Amino acid sequence: MYAVVDVGTTGVKLFVYDKDLRVIYRERIAMGFKKVGNNYLEQDSGKIFDVVLRFIKKAREKDAKYLGLTTYRASLVAWRKDGKPLTNVITWIDKRGLEVTSRFPLHLKLLSRVGILKPILSIESPAVLEKWMIDNVSGLFNSLKKGDAFIGTLDSFLAYRLTGHYISDATNISLTGLIHPRTFKPINMVFNLLKLPPVYPEVVDNIGDFGEIEGLELKVLIADQQAAIIAENCLEKGCIKVTHGTGSFVDVITGSDFTMVGGGVIPIVVYRLDGKAIYGVEGFIPTTGIVLDWLLLKGFYKSYEEFNEYARGGGRRIFFLPSFRGLRVPYVPDLRGVIADIDLTVDKSSVAYSFLEAIAFLTYKILSRIKEKVALKRILRANGGLSKSDTLLELTANITGLVVEKQRDIEASARGTALLLKVASGDIQLRDISSYREVESRFQPSISGEERKQTLDFWEKGLKVVLGWRF
């Protein structure tokens, strides 16, 4: 049997699968944020490890043999040689990078606007977050240079605590801005520009013999969005996947071609096996699930079910831009959320429906940017918690003009990791994973070309107004 520990932004999940990939056990523990000031969002690194280890022990009790670990990405933590954390996890939605970039000397500000350095020297980049750590954690620079401490993304921290090896898988480390995703060698210029110590984990494939933990063989390490791509069997060039979770992540496969798109779209490593990498590109909406949680917290809706019921009812469209922590496409990292065009006719249905339509529109914007460089297939494969909403998927089909598919199992990160475990154990080949994809629903575009144009015009005009009027 196969055990997967899925470390997401808002919670850690355990899934135990039988040999046919049927879930025989699942459990989830919520993980909150530590909010420090206006821009800091951290998570307790020690608590995350404790939960992961507890789940591994539970998996052993359920007679699992193979273990896979999938984690959220682009988040940074530092720890001592004995494994004790020196910092909390600085999460990918934290904005303390603003402190670093605002103090850039002129030459760095100029370099941050060009080519491959633009995403690396941006506020959300792990390279920039590492610079913040070096500047703010006393003694860290010297401890790293002497080998008394280590620094890395969440996967690296957990792998070190579990195996004692300072490693990071190709899908995670390639998003740090410190290791080039094509060569997997350090980008020395970035280390020099940011004055970072030349310390980084060993890059490993997504399948390997990583060690034995509590009687389980750790065989798979992979980032969560890339695992979701595996679950969707989205491995052909031009295939589109979107995962609606804490944020919404839109990925398009480019195959063996390493492709730079720009404009807020970044290159990713989809997986690396036997030293060979397959690539894609990604754009994302930073806050979708977060905004829905905010709507529930503020009492707009009592539950997710009530929200979906109101969204299904439609209502008059309003302009609701869920950019609580900026946008990536278009790239406006300091943009705030906006609700506009309201009057006395607006009700809960209007708010819910328009929020989902905004997500569909922003998905369209990302895909429009990507298709300037990559030919897209005609099917979009959706997963993640918010994809339970048929209304969202119907709106996505109408606005993008694509067919939208949803699998029966929307826990794609865990399922993709489990599929790789089957490959690792020798039960199947990678080419066989398509037989484990079970489409539950398919949504065809159902509005006229004129209706689609009117919808896009509404959102484009609203976005133009917001971008021209900001605090």
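Values in this text are rule-based calculations from the coordinates and carry no lab data. Everything numeric in this text was worked out from a predicted model, so none of it was measured. Cβ sites come from the backbone with ideal geometry, for glycine too, and all protein chains shown count toward neighbours.
Tabulated values for the structure
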read-out: Unit charges at the beta carbon, dipole of the chain: most positive-side option, S248, P267, T391; value: P267
read-out: Equivalent ellipsoid dimensions for the chain as semi-axes, Å, which come from the Cα gyration tensor, largest first; value: 33, 27, 21
read-out: Of K13/K57; K62/K422; K348/K406, those spanning more than 24 Å from alpha-carbon to alpha-carbon; value: K348/K406
read-out: Sorted by Cβ density within 10 Å, fewest first, the residues T87, T287, T171; value: T87, T287, T171
read-out: Farthest positive-ward along the chain dipole, Cα basis, beta-carbon charges - from T417, I116, F320; value: I116
read-out: Spatially proximal lysines relative to K371 (Cα-Cα < 19 Å; intrachain offsets below 8 disregarded); value: K237, K241, K453
read-out: Amide proton proximity set for L178, modelled H, under 5 Å, gap of 5+; value: none
read-out: Placed amide H near V204: partners under 5 Å, 5+ positions off or other chain; value: S168, D169, A170
read-out: DSSP H segments from the chain that extend 20 Å or more along their own axis, Cα-based, with Kyte-Doolittle mean of -0.5 or above; value: 45-61, 348-370
read-out: Relative contact order computed over the range 2-223 (Cα-Cα under 8 Å; 6+ residues apart), in percent; value: 20 percent
read-out: For the range 19-139: Kirkwood Rh in Å [reciprocal of mean 1/r, alpha carbons]; value: 16.9 Å
read-out: Euclidean distance of C-alpha centroids, the range 136-178 and the range 426-471, integer Å; value: 36 Å
read-out: Centroid-to-centroid separation of the range 1-58 and the range 196-225 [C-alpha atoms, Å]; value: 17 Å
read-out: Span per principal axis, largest first, for the Cα atoms of the range 227-318 (Å); value: 50, 27, 21
read-out: Relative contact order %, the chain, counting alpha carbon pairs below 8 Å whose residues are six or more apart; value: 13 percent
read-out: CD proxy at 222 nm, helix term only [per DSSP H run n ≥ 4: -39500 (n - 2.57); per residue of the chain; nearest 500]; value: -10500 deg cm²/dmol
read-out: Vicinal HN-Hα couplings computed from phi for the range 376-383 (Karplus, 6.51 cos²θ - 1.76 cosθ + 1.60; Hz; Gly/Pro x); value: 9, 6, 9, 10, 10, 9, 10, 8
read-out: The range 363-377 versus the range 257-275: alpha-carbon centroid distance in Å; value: 15 Å
read-out: Size of the range 2-223 as Cα extents on the principal axes (Å, biggest first); value: 58, 38, 32
